[in-house]
Each structure stands twice: as structure tokens, then as C-alpha cells.
Amino acid sequence: MASKIFIKNIKTLYQIEDSPKKWVAGKEMGVLPSIDNAYLAIEDGKIADYGQMSDWPGITDWRDLEVIDASDRLVLPAWCDSHTHLVFAGTREDEFVDRIHGLSYEEIAAKGGGILNSAKKLQNTDENDLFDSAMRRIEEIRALGTGAVEIKSGYGLSLDAELKILRVVKRLKEASDLTIKSTFLGAHAYPVEYKSNKAAYLDLVINKMLPQVAEEGLADYIDVFCETNYFSVDDTKKIMEAGTKHGLKPKIHVNQFMALGGVKACVDHSALSVDHLEVMEEADFEALKGSETIPTMLPSCSFFLGIPFGPGRRVIDEGMPLALATDYNPGSTPSGNIPFLLSLACIKMKLTPEEAINAVTINGAYAMDLSNTHGSICRGKQANIIITKEHTSLNYIPYAFGSDHIDRVIISPAQA
Ligand code: NIG
Ligand code: FE
């Protein structure tokens, strides 16, 4: 890649900002600041300048410079996908067919499918094979416009296998040009051998896995699947406390099937995000209002499992920020496709295209502590850019669901 890239004649340049915002909330989410007939200049992997073509200062130094003509094309910041489990072994299309025949997600898990099925496959998979398949998924989401992604463990469920996943994530951080954050999710499900001694598994997560994960610097965040039949609100509190002591901020799976009071517990423990939220009660809205915890919803998971879509419309109408993420994983969301997620957010959650795009750019960046460097077109931010195909308008992206919208993705190395 040339050290300087100049994109000219951009039909519309979206999500520009003069100085980095932490997130956008409420009515602000309906606005994507933009410039028509624009240019964008990139230097050494950073956004150097942008503006109207009529104000373009001109090129004086052509050395190591690539010029891209973006006539009739839109330019946006690359997506920030703040919730995935994209290191996994094997796929679970048999469970997909079981669901067609009427079994629920919970029934499939109860008969040995679900997370435990993935854990068994992963425990028997070589680290290099895991790395190769995860790298292919990274390349896949990169081509769909994702420039930053969070990846969780949680399909290991033993000390060795959890470390194996997180070591793969560490290698992905080094090998890929995407910005990657990693999350330790040892408390994703109780392994069969601990079913009658759950306290022993909690002890393993808190006192064996977590210290080693922290010592090896393998995770940025701590996660728990807070849900009936998985981890209780009390378990979640204990794990959040332990994680925080080791410097890992909580990002928690909560309220996917049941509202158990976990959202308030997460806010009280300064969670960065609460994720899923398909089911939300009044107390959950109250807990989130005015907090620094960003509600994060996963519409592709709702679509795939046929469960309710989270009340994202209400979250925004009540003045809060909302992030959206894919949840890419083999069980509930075998897709890391953000353009399709945008269509779901608009059609099923009644978000406007601007709201949906804010939710996967600046707000997704916040949900990974990246809003100073990612998620918008701002001078000095990392130059992670999407150039669309020839599009009539921004609305065309969620409207033409399933189409290939992207002409080119520019990702600048994380360390640039
Ligand atoms: O976020 N809900 C918990 N974990 C994943 C799915 C796990 C699986 O089914 O493999 C999720 O949807
Ligand atoms: Fe998830």
C-alpha cells in the first residue's frame, strides 16, 4: 500500500467529525455528518485531511501516492464489530436443521448440542488449524467492510482450551491488519463434568483460568453468559469483580432469553457494554440511563434463532446510545456480515439507516474502547475506510439487502 492515498470525487463522504466523540446517543444517532463531492487524504495509515473537492489543496508531491477516483461512490469509516466469537472449530448446521424441525435453542443445548458441542470440537482441534480457519473468517469480514473486531474465547471451557483460543486471538492480532480486541469468556457454559458441582467450575474460571489469562496478557475484557441454566447474576458479579481486579473490564452477555437483573449488576460493575438485550424490562432501561455502559444488540442472532429483536428503537428514543454487533459464532449467528445486519436493524428494529450506521461505527468503536482512533472520518484517526460501489444514496445499503455493496476496503495496520 502506498504511504499516501488520495480519494477524490467522492459522491458523499459520511461520518465526518472534527474531534473524536466518545459515542452518539438518542436523537444524535439519526445524524451522519457528511460532505458531498468530497476528497479524503490518507497518510501513513492515518486520516490526514478531508473536505470539499472545491477546497482541495492539490497534489504537490506524487511520490508513493495512490489516487483513487470515487466518482458516484460513497465513502464511510470501516465497521467496528464489537461482539464476535469467530475463533471456533467446526460448524453446527445439524442444529440449524433441528430447529427447523421445531427444537428450541435451549432444547438443543439440553441434549448436548450448543456451546458444549462447540467446546468438544475445539478441544480436539489443533491450534494452527484454529488459527487458519479464524484467519479465513477475518478475511471474509474484512471484505465486507469490518476494520475492527472483538473476539471472545468461551468454546474451550477447560484451562488449556481457553488459553488455546486466546493464544490464537493473540496471533490474529499480530498477523491481521484489523484492530482486534480479545475477551475471556470462560463462563460461557458449565462443562458436563461440572454440572453437579458448579462452584468448582466457577473456582476454576476465577482462580485458575483468569490469573493465567491475565498474566499472559491474553485478554482485554471479561465476559459471562448471564442466563437461566448458564451463569446466575451472582456468578456474574463474582466473575466481574475478579476480572476487574485483573484489569479486565466487563462486556457481558445478558438478557438474551430472560431478564434476571443482570443489566443493573453490569452497570454497577462499570461494564463497558451489555450485549444481547433481546428481552428488556423497565429496570434494565433505568439502570442503563446515564451510565457509561453501552447497550449492544445483535440483530443477526435474533434473525437466525427466530427470537425477538432487542428494543433498539426504544433505547434510542429514550436518549441512550446503541451499538450493534454481529455475534459471529457457529451456534446462534454463523455470519459476520455487517451490511446484512444493517438491513435487519432497519427492517426489524425500525432504526433509520443513519442510526444503524452510527451503531456499527462510532458506537461499535466505543464498545471496544476505540472511539479515539476508530469509527469515524476524523483527522488523526486510523484510516479504515469503505468505498462503496456506485450507489444512488446511503439508504441503498440497507435497502438492497444481501447485495455486495463494497468496491474497496482500505485497512491501515493497527500500529500505524
Ligand atoms: O452470543 N449466547 C451465548 N453465546 C453465543 C452463542 C453460543 C452458541 O450457541 O454457540 C451468543 O449467541
Ligand atoms: Fe455472543
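The values are calculated or read from the model by the stated rules, or taken from the named source; none is laboratory data. The shown structure was predicted, so the numbers you read here are calculated from the model rather than taken from an experiment. Heads up, the Cβs are rebuilt from the backbone with ideal geometry, glycines too, and the neighbour counts pull from every protein chain shown. Calculation scope for accessible area: heavy atoms of the full protein, side chains included, ligands and nucleic acids excluded. Shrake-Rupley method; radii C 1.70, N 1.55, O 1.52, S 1.80 Å.
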Only bridges whose two residues both fall in the chain count here: according to DSSP, what percent of them are antiparallel, nearest 5?
45 percent
Distance in nm between label sites at A143 and E318, each 7 Å beyond Cα in the beta-carbon direction?
4.1 nm
When the chain is fully extended, how far beyond the present Cα-Cα distance does E17 get from E241, taking 0.36 nm per residue of separation?
77.0 nm
For L305, what charge total do you get from the other residues with a beta carbon under 11 Å from its beta carbon, if Lys and Arg give +1 and Asp and Glu give -1?
-3
Residues other than N124 with Cβ under 13 Å of its Cβ, Lys/Arg counted +1 and Asp/Glu -1, net out at -1
Debye equation applied to the C-alpha atoms of region 293-416, log10 I(q)/I(0) at 0.09, 0.13, 0.15 Å⁻¹
-0.25, -0.54, -0.72
Dipole of the chain, Cα-centred, from +1 at each Lys and Arg C-beta and -1 at each Asp and Glu C-beta, to the nearest 20 debye?
160 debye
Can you give the extra length, in nm with one decimal, that the chain gains between K111 and S403 once fully stretched, where that is 0.36 nm per residue apart less the Cα-Cα distance?
101.4 nm
I need the phi-derived Karplus couplings for region 302-307: 6.51 cos²θ - 1.76 cosθ + 1.60, θ = phi - 60°, integer Hz, Gly and Pro marked x.
4, 4, 6, 8, x, 9
Per 10 Å bin from zero, what fraction in whole % of the C-alpha pairs of region 85-143 is there, up to the bin with the longest pair?
22, 42, 30, 7
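What is the dipole size for region 26-178, taken about its Cα centre, with +1 at each Lys and Arg Cβ and -1 at each Asp and Glu Cβ, in debye to the nearest 20?
On the way: 18 positive and 29 negative charges, 141 e Å.
Magnitude of the dipole: close to 680 debye.
So, with +1 on the Cβ of K and R and -1 on the Cβ of D and E, and no other charges, what is the size of the charge dipole of region 43-111 about its Cα centre, to the nearest 20 debye? Show your work: numbers first, answer last.
Working: 6 positive and 16 negative charges, 48 e Å.
Charge dipole of region 43-111: 220 debye, to the nearest 20.
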Hey, rough spin-label estimate for V67 and A200, points 7 angstrom out along Cα→Cβ, what's it come to in nanometres?
7.1 nm
Along its principal axes, what span do the Cα atoms of region 185-315 show, with the longest given first and each in whole Å?
41, 31, 24
Express in whole angstrom the spacing between the alpha-carbon centres of region 101-131 and region 351-416.
32 Å
Scan around K389 for amide H atoms under 5 Å from its own, H built in the peptide plane at 1.01 Å from N, and keep only partners 5 or more places away or cross-chain.
I406, D407
Taking protein heavy atoms only, a 1.4 Å probe, and rounding to whole percent, the accessible area of the chain owed to carbon and sulfur comes out at 50 percent
Distance in Å, no decimals, from the C-alpha centre of region 1-34 to the one of region 273-310 is 26 Å
Which pairs, out of K121/K152; K170/K289; K181/K348; K21/K170, put more than 25 Å between their alpha-carbon atoms?
K170/K289; K181/K348; K21/K170
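Excluding ligands, DNA and RNA, what is the solvent-accessible area per residue of the chain at a probe of 1.4 Å, expressed in Å²? Could you put the intermediate results ahead of the total?
Numbers: 15920 Å² over 416 residues.
Here the residues of the chain average 38 Å² of exposed surface.
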Just name one of G58, I411, S393: the one whose Cα is farthest towards the positive end of the charge dipole of the chain (beta-carbon charges, Lys/Arg +1, Asp/Glu -1).
I411
Fully extended, how many nm does the chain gain between A175 and D36 (0.36 nm per residue separation, minus their Cα-Cα distance)?
46.4 nm
With no solvent term and unit scatterers on the alpha-carbon positions of the chain, Debye gives log₁₀ I(q)/I(0) at q = 0.06, 0.13, 0.14 Å⁻¹ of -0.23, -1.07, -1.23
Can you find, among N197, I10, A287, the residue farthest towards the positive end of the dipole of the chain? Put +1 on the C-beta of Lys and Arg, -1 on that of Asp and Glu.
N197
